[in-house]
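Here is the structure we will look at, set down as structure tokens.
Just so it is clear, none of the values below were taken in a lab; they were calculated from the coordinates. These numbers were taken from a predicted model, which means no experiment stands behind them. Note that each Cβ is placed from the backbone with ideal geometry, even for glycine, and that neighbours are counted across all protein chains shown.
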Amino acid sequence: MEFSRDDFVEAKRQIDSTLHKLKETIKTFESKENAERYKSQITLAKRRVKAFEIANWFIESELEK
């Protein structure tokens, strides 16, 4: 599949936005009184952050070419 530079730039912009929201969600869950209650949501959000960071790394590598 072929992607244009603009496709990669837009994908990176969307991922950055989602990463920001996920990190804020993690902070919110961790600051709750009963944070242990939200353990599975926190774990899922952290896994998603890692996945998006990996995707961002690949996009940045492609943009540097």
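Right, Glu24: among the acidic types (Asp, Glu) and in a loop (DSSP other than H, G, I, E, B) or not?
Criteria not met by Glu24.
Among the residues of segment 6-17, write down those that are surrounded by 14 or more Cβ atoms within 10 Å (Cβ to Cβ) and not small (Gly, Ala, Ser).
The answer is Phe8, Lys12, Ile15.
Considering only residues that are without any contact (Cβ under 8 Å) to a residue 24 or more places away in the chain and either aromatic (Phe, Trp, Tyr) or touching a Lys or Arg at 6+ places or on another chain (Cβ under 6 Å) (or both), which ones fall in segment 20-55?
Kept after step one, since they are without any contact (Cβ under 8 Å) to a residue 24 or more places away in the chain, are these residues of segment 20-55: 20-21, 24-47, 50-51, 54.
Residues satisfying the conditions are Phe29, Tyr38.
Just to be sure before I move on: is Arg48 assigned to a helix (DSSP H, G or I) and under 9 Å from the mean Cα position of the chain (by Cα) in the structure I sent?
In short, yes.
All but one of (1) surrounded by 15 or more Cβ atoms within 10 Å (Cβ to Cβ); (2) of a type in the set (A, V, I, L, M, F, W, C); (3) in contact with an Asp or Glu (Cβ under 9 Å, 6 or more places away or on another chain) hold for Phe3; state the number of the condition that does not hold.
For Phe3, the exception is condition (1).
Out of the residues in segment 18-65 that are of a type in the set (Val, Ile, Thr) and within 26 Å of Ser4 (Cα to Cα), state the one that is surrounded by the most Cβ atoms within 10 Å (Cβ to Cβ).
So the residue we want is Ile59.
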